[in-house]
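One structure is given below, encoded as structure tokens.
The values are calculated or read from the model by the stated rules, or taken from the named source; none is laboratory data. Treat the numbers as computed from the prediction; the structure is a model and nothing was measured. Cβ sites come from the backbone with ideal geometry, for glycine too, and all protein chains shown count toward neighbours.
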Amino acid sequence: MRYVKLCGFTLMMLIFTVSCGNKDTKNIISIKKASTEKLISAFEKFENNFMLRSDIFDNGSAKAKFFLTDYDLQGPKSQDISQTTTIANTMIANKIGITGLWVNDKKAKAFKYSYTLNNILKNEEKTDLINIVIGQKNIEAASPSIFNKTFSIPAQDFGKALALAAPNEFPANLNIDLTYNTLRTLSSIRPNKASQKRYDKAQHILYKNAVITQNGDIYSIVFNNDDVVKFIPALVDAVKNDNRLKFLWNFYKKLLEKEFKEIEEKFNTEIKDNIKDCTFTEELTVKNNLVAKARYTVAVSGKEIVTFSCDIKNYENPIDGMTYTLDITESNTADKDSKAGIVSCVFASKGSVTDTTADIDCSVSVSFTDTPDTPLLPVFDMHGTFYADTAKQSDNFKIGMDMDITSSRNDNMNESIATSMQASGSVVKAPDMITYNIDTINIEMEEAEKEKYTLKLGTDTSVIFSKNILEDIVMPKETVKVLETKVNEWQAIKDEITANLSALSTLLNL
């Protein structure tokens with residue numbers, strides 16, 4: 001097990017690595033970069049055509065609303081449950097709903113968030129639950145209906161606010177630069193030039209002394225173990241200085257300072273020694289100058305303990321026939337050819353994406369092998385679908401997910417739970433906006449050989465993605481500076497909020 005724990009993450013570091021060196025290595029670089037670019041472009045095509053991602057992350061907004069219009073529950077105890085659903089009936093009768101709004105205001109340099117309850121209070125159509133603005137200087141939050149003032153902290157002192165709110169969970173020196181520009185950087189898909197240079201440096205170290213052989217369209221690579229040891233800290237340096245990841249790295253390094261030091265100490269002792277006992281390999285099958293298949297392995301004494309593989313059939317439509325698998329096996333089993341594994345994960349997809357139509361079917365499964373030395377873990381299977389056709393006028397949008405969880409194979413109870421959710425409606429695309437409307441939601445839950453329930457919801461639900469700012473989020477003008485507020489002032493604020501909540505409770509539309 002120790003080899004699995006210590007070498008598994010090393011394989012993950014190797015998976016996305018390319019480099020420069022001899023002719024074969026340069027060939028591999030070119031092929032991998034072209035393959036990666038094809039995959040990224042396909043992913044961007046889907047997000048841009050059906051969610052306007054690039055436009056919205058430059059400047060735009062998204063809005064979602066949910067109103068219940070009808071419901072029907074079926075199952076063994078459905079009649080008893082239905083008698084207690086007065087809240088659902090009230091929501092329908094009084095048109096109570098919820099609306100969420102997200103705004104990327106490039107001009108104001110601010111991300112804005114708002115959640116609003118609709119018709120929750122008598123004679124009030126909208127009640128602001130929470131409004132948040134993350135700007136370049138400050139982070140502001142307010143719930144105007146409860147307390148008509150804006151709480152504000154400097155964006156670069158967000159960590160201090162966390163430490164103040166939960167001193168046992170967050171260290172006092174947890175400085176976090178949670179500014180608008182930082183969050184914009186997190187949305188980037190590709191690293192900037194400086195970050196890419198650091199990755200290239202790490203990649204060069206890894207491939208420097210690799211043994212590469214070619215047999216037709218297949219490249220076989222065996223990495224030098226000393227290079228693997230040198231590669232890991234170089235890659236860590238690239239990751240922690242990655243323009244997209246630097247914020248998260250610094251946050252978790254301060255939050256988990258003790259754990260980071262333990263990992264570093266373990267790498268300099270135990271991990272380095274065990275890496276020298278492993279064999280790291282990569283095998284690529286190339287078609288049309290693109291990676292059709294890739295397989296990465298970590299082996300100990302000739303036994304493969306970690307394998308990762310991917311298979312992409314068609315780069316013009318990569319979602320159709322894309323498969324990723326990960327298998328982790330105990331290293332000290334007697335038979336080196338034994339396939340008894342600790343964990344096995346599989347991701348597979350099929351379908352197609354064009355400028356006007358997306359028809360996607362994806363599945364994920366995770367299974368664990370039960371042994372006397374391991375806890376009893378379940379088998380997990382999840383399946384999701386997405387269909388949208390903006391060229392049609394109606395019945396052109398469906399989304400679904402189903403999930404099966406089966407108890408451990410060594411569990412005498414052998415229970416399994418199956419759940420599924422299907423939503424259907426329509427999608428309308430305009431030059432600057434795309435709107436998804438959901439009319440019905442069907443939910444099923446079944447426990448093996450026991451009870452099965454089905455719930456059908458009628459809804460007035462929509463999700464809108466827009467290149468423009470649909471509406472602005474207005475904050476109360478009076479401000480409370482959180483880090484400068486004294487204890488007695490907090491008590492006065494608490495008393496005012498309590499009184500306001502008590503008054504609002506008499507106006508509930510329930």
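Can you list residue pairs whose Cβ atoms sit under 6 Å apart, with the first residue in the stretch 135-154 being without any contact (Cβ under 8 Å) to a residue 60 or more places away in the chain and the second being among the hydroxyl-bearing types (Ser, Thr, Tyr) and surrounded by 19 or more Cβ atoms within 10 Å (Cβ to Cβ)? Count only pairs 6 or more apart in sequence or on different chains.
Listed pairs, sorted by first residue: 135/180; 136/179; 136/180; 138/152.
Kindly state which helices (runs of 4 or more DSSP H) lie completely within the stretch 228-323 and contain at least 3 residues that are in contact with a strand residue (DSSP E or B) (Cβ under 9 Å, 6 or more places away or on another chain).
In the stretch 228-323, no matching helices (runs of 4 or more DSSP H) lie anywhere.
Has the stretch 101-114 got at least one residue that is touching a residue at least 60 places away in the same chain (Cβ under 8 Å), under 30 Å from residue 447 (Cα atoms) and of a type outside the set (Ser, Thr, Tyr)?
No - not one qualifying residue is present in the stretch 101-114.
Looking only at residues that are under 23 Å from residue 109 (Cβ atoms) and touching a helix residue (DSSP H, G or I) at 6+ places or on another chain (Cβ under 9 Å) in the stretch 120-140, which one is surrounded by the most Cβ atoms within 10 Å (Cβ to Cβ)?
139
Looking at the stretch 218-234, which of its residues are surrounded by 18 or more Cβ atoms within 10 Å (Cβ to Cβ) and farther than 30 Å from residue 247 by Cα?
219, 221, 223
Go through the stretch 33-74 and give me each residue that's polar (S, T, N, Q) and either part of a strand (DSSP E or B) or exposed (fewer than 14 other Cβ atoms within 10 Å of the Cβ) (or both).
Of everything in the stretch 33-74, those that are polar (S, T, N, Q) and either part of a strand (DSSP E or B) or exposed (fewer than 14 other Cβ atoms within 10 Å of the Cβ) (or both) turn out to be 41, 61, 69, 74.
Which members of the stretch 122-136 meet the condition of being under 28 Å from the mean Cα position of the chain (by Cα) and either modelled with pLDDT of 95 or more or not charged (D, E, K, R) (or both)?
Of everything in the stretch 122-136, those that are under 28 Å from the mean Cα position of the chain (by Cα) and either modelled with pLDDT of 95 or more or not charged (D, E, K, R) (or both) turn out to be 129, 130, 131, 132, 133, 134, 135, 136.
Out of the residues in the stretch 197-217 that are out of contact with any Asp or Glu (no Cβ under 9 Å at 6 or more places or on another chain) and closer than 17 Å to residue 237 by Cβ, state the one that is surrounded by the most Cβ atoms within 10 Å (Cβ to Cβ).
203
Would you mention how many residues in the stretch 155-186 are in contact with a helix residue (DSSP H, G or I) (Cβ under 6 Å, 6 or more places away or on another chain) and more than 22 Å from residue 255 (Cβ to Cβ)?
0
Assuming residue 482 fulfils every condition listed in (1) surrounded by 18 or more Cβ atoms within 10 Å (Cβ to Cβ); (2) at pLDDT below 95; (3) of a type outside the set (Gly, Ala, Ser); (4) farther than 29 Å from residue 156 by Cβ apart from one, which condition is it?
Of everything listed in (1) surrounded by 18 or more Cβ atoms within 10 Å (Cβ to Cβ); (2) at pLDDT below 95; (3) of a type outside the set (Gly, Ala, Ser); (4) farther than 29 Å from residue 156 by Cβ, residue 482 misses just condition (4).
Per-residue answers, yes or no, for (1) closer than 28 Å to residue 102 by Cβ; (2) charged (D, E, K, R); (3) part of a loop (DSSP other than H, G, I, E, B); (4) in contact with a Cys (Cβ under 8 Å, 6 or more places away or on another chain):
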{"site": "392", "(1), (2), (3), (4)": "yes, yes, yes, no"}
{"site": "401", "(1), (2), (3), (4)": "yes, no, no, no"}
{"site": "439", "(1), (2), (3), (4)": "yes, yes, no, no"}
{"site": "462", "(1), (2), (3), (4)": "yes, no, no, no"}
{"site": "483", "(1), (2), (3), (4)": "yes, no, no, no"}
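Answer yes if at least one residue in the stretch 142-150 is assigned to a loop (DSSP other than H, G, I, E, B) and hydroxyl-bearing (Ser, Thr, Tyr), and no otherwise.
yes
Could you please give the count of residues in the stretch 184-196 that are crowded, with 17+ Cβ neighbours inside 10 Å and assigned to a helix (DSSP H, G or I)?
Total meeting the criteria: 1.
Report, ordered by the first and then the second residue, all pairs with beta carbons closer than 8 Å, sequence separation of six or more or different chains, a first member in the stretch 164-176 that is of a type in the set (Gly, Ala, Ser) and loosely packed, with under 15 Cβ neighbours inside 10 Å, and a second member that is at pLDDT 80 or above and in a helix (DSSP H, G or I).
Cβ pairs passing all conditions: 172/160; 172/163.
Check whether at least one residue in the stretch 490-503 is in contact with a Lys or Arg (Cβ under 6 Å, 6 or more places away or on another chain) and among the aliphatic types (A, V, I, L, M), and report yes or no.
No - not one qualifying residue is present in the stretch 490-503.
Go through the stretch 352-373 and give me each residue that's at pLDDT below 80, in a loop (DSSP other than H, G, I, E, B) and in contact with a strand residue (DSSP E or B) (Cβ under 7 Å, 6 or more places away or on another chain).
Listed by number, the list holds a single entry, 369.
Taking the stretch 441-461, which residues are among the hydroxyl-bearing types (Ser, Thr, Tyr) and at pLDDT 95 or above?
459, 461
Being of a type outside the set (A, V, I, L, M, F, W, C), at pLDDT 90 or above and out of contact with any Cys (no Cβ under 7 Å at 6 or more places or on another chain), is that true of even one residue in the stretch 18-28?
Checked against the condition, which is being of a type outside the set (A, V, I, L, M, F, W, C), at pLDDT 90 or above and out of contact with any Cys (no Cβ under 7 Å at 6 or more places or on another chain), the stretch 18-28 yields no hits at all.
In this structure, does residue 488 turn out to be surrounded by 12 or more Cβ atoms within 10 Å (Cβ to Cβ) and on the phi < 0 side of the Ramachandran plot?
Considered against the rule, which asks whether it is surrounded by 12 or more Cβ atoms within 10 Å (Cβ to Cβ) and on the phi < 0 side of the Ramachandran plot, residue 488 comes out as no.
Among the listed residues 464, 417, 497, 438, identify the single one that is modelled with pLDDT of 95 or more, β-branched (Val, Ile, Thr) and within 28 Å of residue 74 (Cα to Cα).
After applying the criteria, what remains is 438.
Tally the residues that are assigned to a loop (DSSP other than H, G, I, E, B) and free of Cβ contacts under 8 Å to residues at least 40 places away in the same chain, restricting the search to the stretch 208-224.
3
Residues of the stretch 268-287 being over 21 Å from residue 343 (Cβ atoms), surrounded by fewer than 20 Cβ atoms within 10 Å (Cβ to Cβ) and either in contact (Cβ under 8 Å) with a residue 12 or more places away in the chain or among the acidic types (Asp, Glu) (or both), which ones?
Result: 270, 272, 273, 276, 277, 283, 285, 287.
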